[in-house]
Each structure stands twice: as structure tokens, then as C-alpha cells.
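Comments concern the structure below.
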Amino acid sequence: MLRALSGVAVAGSFVVIESWFSAVATNEYRATLFFTYQICTYVAATAGQLLIGLVDPVAFVPFTLGAIVLTAALVPLSLSRVEAPTIEHNERISVKAIVRDAPVGLLAALCSGILISSFYSMAPVYAIEVGLPVNQLSYFMAASVFTFILFAWPLGRLCDRLDRSKIMVWINIIITVSALGVVFGGHLHLWLLIGFSSLYMGMVASLYPVAVAITNDRLEAHHIVAASTTLLLSYGLGSSLGPMFSSSMMSWLGAQGLYYGCAGVAVVLGGYTWIWQWRSKSVPVPEQAHYIQTSAETAGIIVELDPRNEEFVDVPMEEVFPDMEQEALEEAKAGQMELELPEPEPEPVMDATEEGAVLVSH
């Protein structure tokens, strides 16, 4: 029950944060804001994993520290005068239309949810099963999460220059190889385990943004928001199936069953993508939409910041902060009044001389 409530609270926090971003972002810097938000999210996730190695995860300290940080984050929010963003109607698109035009995107979102939730839920169990102490477990998890940031930029460059369906095939090949590398090489040395696992998670975390890019390449611009919602639902379904799938594989094949099962999912997705790209007409690289690194955790209202969304409404800053202009004028008037005040006359002082007291004006 507590995990369910915390999940609802975290999801609600993301929605509120992203709503504020949608309200204040402009066309000039919304892409920069989007990437900064992504980096902050994964840096925070990495820091949370490292915290496990510093304090006892069973004690109340890490939970109390998290509550304090979250409460402190409410202070600037409570002082802000930003109004709630306007909820606009977006044109809907059916699941059938997405399956017809971009089935790989829908399947990749589903597999992404399975693989990511499998790792987050069962990777700590795997690490304990193979004998990692708590401090090494935190390094193992933190390095795997942080790798996503390292792959974001080079993968984005490749996706803007090559056919994205081919990129999807190669991502799944690397996922399969790195998963098997964990199985057969992870026991040789800790750094091999961390290296293969980091490569694995870096590629797994890239599945969802590539799925979004492939889907948007084959849809009209006004369908971006609705399609992103459908992909998010597919990802959520996969996230629900992932822990059950991975725990079943580990019960059947032992601790290594986690990576055997995930490698199997990657083989299925990669094989289907390879067949699909030969049976469907590919989108020419110059006509591909600009690649935006995203994740399912930060999808939803944040899609309004996507530069591919042609329906984005650039809200003037004066409408977001209605009192800002009036306060600026009042401050300017107050400053001008201070400049116009006359300087005070110097006061005379008494200078004692041998002949007596004489007033001297300095």
C-alpha cells in the first residue's frame, strides 16, 4: 500500500513539474529546458542509488533525507506566482492507426517497459544473489542508471543521420550482447560486471526515445501528443509485466535468468524490427523529425516542450507572471525618485582657534 501511494505521489510530482515547464517554456529555449530536465532526472536517480552505499537502506535515514529534500523543493514552488497551465484539446489517434503506421514504435515501448522495470525491480536481487555487498551494489546500480546520460548525445546524432529502424536493430543487438556479457563475463571481475551492465542499461533506456522518434516520423505533427500518450500506455503495460516476467525467469534459470530473459526480449524486438523495415517503406533521412532524447518517466505533459510539436503555443511571459510588469514599473519609479532627491547641505562644525570659536563650513 505504501509503495502504491509513493508511486502515485511521484507520478503526480512529475505531472506538476512538467505542467510548469509547459507554461513557461518558449520556442527559443524549450529544447534546452527539455534536455536539462532529462539530465537532472537521471543525475538524481544516480545519486539515489549511491545513497544506498552510504547509509543502511533498512534504516530510516535515507527515507527521512528523501522526505526533507522533497519538502525543501516545495519552498520555491510555494513562492512562485506561476499560474496553472491551460489544458488544451488535442486531436486523438486510435491504437489501430498506430499499429498500422508504426507497429515497431508500439512494440518497442512495450519491450522498453518490460526491460527497464525488470532491471529496476530485480537487478538488486541479482546483485545480492551473485554475492555483491551493499556498497558495490550501489555502484552497480548507479553506473547502470548514469550511462543513459552518456549515450544521449551520440545516439541522437546517429538517429538524425541514419535510418532509425536500423538504429533500433543495432540497439537490440547490443542489448543482447551486453546481457550475455553480464552472464558469462560478469563473474570474472566487478568492473566487467559494471561495464556490461552499464552498456546494457544505456541501450535499454534508449529504446523508448527511438520508439517515439520512429512513431512520429510516420504520423502527422498534430498527432504527436495523442501518439505519445498511447506509447506511454504501452510502456506502462510493459512495466507491469516486467517484474513478473523477470522473477519467473530467475526462478526457472537462477540469478542469470534475469539477463537471459531480457536478451530474449531484445532478440524478439530486434528480429521484428528487421523484418518490418524490409516490408515497409522507410522514411528518408532528410524527412525524419528531429530526434529528441526522452524517457517514459518524463513523458506526458512534457511532450508539449518537444520542438516537433507544431501546436505548441508560445505563452508570453507577461501572461505567466501577470504582476511582473507592474512590479517592474513600480521599482523603476522608486529608483528614479531616489535619484532625484537633493543632496543634504553640509552641516557647519565648530573649529576652535586661539582667538575663539569660529564657524567653518566644510
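The values are calculated or read from the model by the stated rules, or taken from the named source; none is laboratory data. Keep in mind the model is a prediction, meaning the values are calculated, not measured. Cβ placement follows ideal geometry from the backbone for every residue including glycine, while neighbour counts extend to all protein chains displayed.
Residues that are part of a helix (DSSP H, G or I), without any contact (Cβ under 8 Å) to a residue 40 or more places away in the chain and more than 23 Å from Ala226 (Cα to Cα) do not occur anywhere in the range 98-119. Going by what's in this entry, would Ser144 be described as assigned to a helix (DSSP H, G or I), closer than 15 Å to Ala127 by Cα and under 16 Å from the mean Cα position of the chain (by Cα)? So Ser144 passes the test. Report yes if Val134 is under 25 Å from Leu253 (Cα atoms) and modelled with pLDDT under 90, otherwise no. Taking the combined requirement at face value, the residue satisfies it. Here Ser144 clears all of (1) closer than 17 Å to Tyr259 by Cα; (2) at pLDDT 85 or above except the condition numbered (2).
Restricting attention to the range 167-212 and to residues that are surrounded by fewer than 24 Cβ atoms within 10 Å (Cβ to Cβ) and of a type in the set (Phe, Trp, Tyr), the residue that is farthest from Tyr272 (Cα to Cα) turns out to be Trp191. If you filter the range 153-166 down to residues that are hydrophobic (A, V, I, L, M, F, W, C) and crowded, with 20+ Cβ neighbours inside 10 Å, you find that the one that is modelled with the highest pLDDT is Leu155.
For the range 240-251, check the following and say yes or no: at least one residue is crowded, with 24+ Cβ neighbours inside 10 Å, under 25 Å from Arg100 (Cα atoms) and not polar (S, T, N, Q). The answer is no, given that none of the residues of the range 240-251 is crowded, with 24+ Cβ neighbours inside 10 Å, under 25 Å from Arg100 (Cα atoms) and not polar (S, T, N, Q).
Scanning the range 37-53 for residues that are at pLDDT below 75 and more than 19 Å from Ser206 (Cβ to Cβ) returns Ile52, Gly53.
Could you identify the single residue in Gly261, Gly254 that is on the phi > 0 side of the Ramachandran plot, modelled with pLDDT of 80 or more and more than 18 Å from the chain's Cα centre (by Cα)? Step by step, each of Gly261, Gly254 is checked, and only Gly254 is on the phi > 0 side of the Ramachandran plot, modelled with pLDDT of 80 or more and more than 18 Å from the chain's Cα centre (by Cα).
Please indicate, with yes or no, whether at least one residue in the range 219-236 is modelled with pLDDT of 80 or more and either basic (Lys, Arg) or surrounded by fewer than 18 Cβ atoms within 10 Å (Cβ to Cβ) (or both). Yes, that holds for at least one residue.
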